[in-house]
Amino acid sequence: MKTAIFYGSSTGNTESVAKKILKKLGGVEVLDIYDISSTKVEKISEYEKLIIGSPTWGDGDLQDDWESVFEKLKNIDFAGKTVALFGLGDQEEYPDKFLGAMWLLYEVIKSKGAKIIGEWPASGYYHNNSKAQDGDQFVGLALDEDNQSEMSDGRIDDWCEQIRSEIL
Ligand SMILES: Cc1cc2nc3c(=O)[nH]c(=O)nc-3n(C[C@H](O)[C@H](O)[C@H](O)COP(=O)(O)O)c2cc1C
């Protein structure tokens with residue numbers, strides 16, 4: 001069975017990252033990819049291995065399309081599923097709410113039984129606070145296209161190598 005990437009994106013940054021992850025891990029031969037704005041969230045149930053991404057909007061909130069399906073997401077059984085998360089945020093403008101959306105997704109998905117992989121070192125960022133951070137690690141890949149875009153390709157490459165054996 002294929003792995004699937006599910007993402008939401010309001011201004012295109014997360015979509016672009018999702019496509020880079022897709023390419024890095026082997027393209028559409030290996031992974032399915034869905035924009036959650038045009039896919040039923042129940043589609044997640046069809047996959048055992050998932051990569052799920054959201055930027056943070058508002059004040060530490062989910063991106064709108066994830067927000068719309070969040071209640072339904074809470075009804076999905078993640079037992080037996082392996083999930084890697086990625087999040088985009090702006091650590092300079094939102095230093096106390098950096099990557100809040102990744103944490104919101106993490107909380108629900110973990111509580112519904114998923115095995116979460118792809119934790120990412122929190123060094124190299126300069127935010128004050130992030131719920132998505134647990135000790136010296138983020139719960140998934142952390143990207144900041146607003147302030148550290150030049151670091152994103154390297155971070156994506158390293159993270160994909162880190163999760164490859166468990167997610168494919
Ligand atoms: C109005 C607004 C609110 C935002 N709120 C947050 C926030 O609370 N925390 C954060 O880390 N980033 C925040 N961001 C930054 C976005 O997450 C970031 O720009 C992201 O790359 C957008 O991704 P997208 O193009 O896929 O929608 C905000 C950006 C805007 C414009």
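No lab work stands behind these numbers, since they all come straight from the coordinates. The structure presented is a predicted model; accordingly, all values stated were derived computationally and were not measured. Don't worry about glycine lacking a Cβ; one is built from the backbone with ideal geometry, like all the others, and counts go over all protein chains shown.
Points to keep in mind about this one:
- Across the stretch 123-140, coupling constants 3J(HN,Hα) worked out from phi with the 6.51/-1.76/1.60 Karplus curve, θ = phi - 60°, read 7, x, 10, 10, 5, 8, 8, 8, 5, 6, 9, 10, x, 9, 10, 7, 6, x Hz, and Gly and Pro carry x.
- Counting other Cβ atoms within 10 Å as a rough exposure proxy, the listed residues R155, R164 run R164, R155 from fewest neighbours to most.
- The per residue volume of the convex hull around the alpha-carbon atoms of the stretch 98-149 is 77 Å³.
- Karplus (6.51, -1.76, 1.60) ³J(HN,Hα), θ = phi - 60°, over the stretch 67-79, in Hz, Gly and Pro reported as x: 4, 5, 10, 4, 5, 5, 4, 5, 8, 7, 8, 9, 4
- The chain: C-alpha gyration tensor shape, a/c 1.5 cut-off, then a/b vs b/c: rounded
- Backbone amide hydrogens, once placed in the peptide plane, bring L62 within less than 5 Å of W57, excluding anything fewer than 5 places away on its chain.
- Working note: Karplus 6.51/-1.76/1.60 with θ = phi - 60° gives the stretch 41-51 the couplings 5, 4, 4, 4, 4, 6, 10, 8, 10, 9, 10 Hz, where Gly and Pro are set to x.
- MRE, 222 nm, helices only [DSSP H, n ≥ 4, -39500 (n - 2.57), over the chain, to nearest 500]: -10500 deg cm²/dmol
- For D134, the residues whose amide H sits under 5 Å from its own are V139, ignoring neighbours fewer than 5 places away on the same chain, with H placed 1.01 Å from N.
- Distant-in-sequence amide H partners of L85 (H built 1.01 Å from N, under 5 Å): I52, I117, L141
- In percent, rounded to a whole number, the relative contact order of the chain is 23, using alpha-carbon pairs under 8 Å and six or more apart.
- Look at M1, M151 and count the other Cβ atoms within 10 Å of each Cβ; fewest to most, that gives M1, M151.
- For the stretch 1-56, the relative contact order works out to 58 percent when only alpha carbon pairs closer than 8 Å and six or more residues apart are counted.
- DSSP beta bridges confined to the stretch 3-167 are antiparallel in about 20 percent of cases.
- A full extension of the chain between D35 and N128 corresponds to an added length of 30.4 nm, given 0.36 nm per residue minus the alpha carbon distance.
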